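Input: a single structure, listed below in structure tokens.
The values are calculated or read from the model by the stated rules, or taken from the named source; none is laboratory data. These figures come from a predicted structure and were not determined experimentally. Cβ coordinates were reconstructed from backbone atoms using ideal geometry, including for glycine residues, and neighbour counts include every protein chain displayed. To get the accessible areas, we keep the full protein, side chains included, count just its heavy atoms, and leave off ligands, DNA and RNA. Shrake-Rupley method; radii C 1.70, N 1.55, O 1.52, S 1.80 Å.
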Amino acid sequence: MGEIGFTEKQEALVKESWEILKQDIPKYSLHFFSQILEIAPAAKGLFSFLRDSDEVPHNNPKLKAHAVKVFKMTCETAIQLREKGKVVVADTTLQYLGSIHLKSGVIDPHFEVVKEALLRTLKEGLGEKYNEEVEGAWSQAYDHLALAIKTEMKQEDQS
């Protein structure tokens, strides 16, 4: 696959936009999961904190933690792509993520749903600061992270 051309500017865009979203985690976590369910209502069954509820629960610590993890890990991936040209997630973390996603019944298309929800949440949070460059930077970072998790899931599945 060779070196990934992830620029300093892309890294800066990802960091800056995450800083903006971080200012209101409860709001954007909720928005993120509302978007997931809007795009794919069936995804509800994949999340323990959504399964038994008719709507996206407000102030649910698990929901908040999951949303933050997705954004934070994507942001960290952006930094790694810029510095090392590849995704560097600790093996233990990757194994954990692989097995938990596998156990929850997550399949490849679900990653696209989450990506779309992530981009919609960024758009909501950034307002006019949201543009193609921002979208491109987050998309690239997310795709690499998702690929690492999916690869791990396939390995888990075979073992």
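Working note: Karplus 6.51/-1.76/1.60 with θ = phi - 60° gives segment 144-154 the couplings 5, 5, 4, 4, 4, 5, 5, 4, 5, 4, 5 Hz, where Gly and Pro are set to x. What is the chain by shape, rounded, prolate or oblate, if you read a ≥ b ≥ c off the alpha carbon gyration tensor as root eigenvalues and call it rounded for a/c under 1.5, prolate for a/b larger than b/c, and oblate otherwise? Verdict is oblate for the chain.
For a test of the definition: using alpha carbon positions, the gyration tensor, and the 1.5 limit on a/c, classify segment 57-96 as rounded, prolate or oblate. Cα axes put segment 57-96 in the oblate bin. Amide H contacts of residue 85 (H built 1.01 Å from N, in plane; Pro and chain starts excluded): no residue 5 or more places away or on another chain comes under 5 Å.
Straight-line cross-link partners of residue 103 among the lysines, defined as a Cα under 26 Å from its Cα and at least 8 positions apart when in the same chain: 44, 62, 64, 69, 72, 115, 150, 154.
For residue 88 and residue 62, a Förster radius of 30 Å and the Cβ-Cβ distance give a FRET efficiency of 0.70, rounded to the nearest 0.05. Distance from the Cα centroid of segment 139-159 to that of segment 63-134 is 11 Å (rounded to whole angstrom).
Whole-Hz Karplus values for segment 120-136 come out as 5, 5, 4, 4, 4, x, 8, x, 6, 6, 7, 8, 4, 5, 4, 4, x Hz, taken residue by residue from phi with 6.51 cos²θ - 1.76 cosθ + 1.60 and θ = phi - 60°; glycine and proline positions read x. Charges were assigned to the Cβ only: +1 to each Lys and Arg, -1 to each Asp and Glu. The resulting dipole of segment 6-159 about its Cα centre is roughly 340 debye. Average accessible surface for the chain: 56 Å² per residue, computed with a 1.4 Å probe over protein heavy atoms with every protein chain in place. In summary, the aspartates and glutamates within cross-link reach of residue 86, defined as a Cα separation below 15 angstrom excluding same-chain residues under 8 places away, comprise 3, 8, 11, 76, 143.
Residues within the reach of a label modelled at residue 95 (point 7 angstrom out along Cα to beta-carbon, backbone nitrogen below 12 Å), restricted to segment 121-159, are 156. In the elastic network of the chain, a GNM with C-alpha springs shorter than 10 Å, the most mobile of 81, 46, 13 is 46.
Determine the shape class of segment 105-157: with a ≥ b ≥ c the square roots of the Cα gyration tensor eigenvalues, call it rounded for a/c under 1.5, and otherwise prolate if a/b is greater than b/c, oblate otherwise. Working shown, then result.
Numbers: a/c = 4.41, a/b = 2.31, b/c = 1.91.
It is prolate, given that a/c is not under 1.5 and a/b is the larger ratio.
May I ask you to give the percent of accessible area on segment 37-108 that is carbon plus sulfur, with a probe radius of 1.4 Å? Show your work: numbers first, answer last.
Values: 2290 of 4240 Å².
Answer for segment 37-108 is 54 percent, counting heavy atoms of protein chains only.
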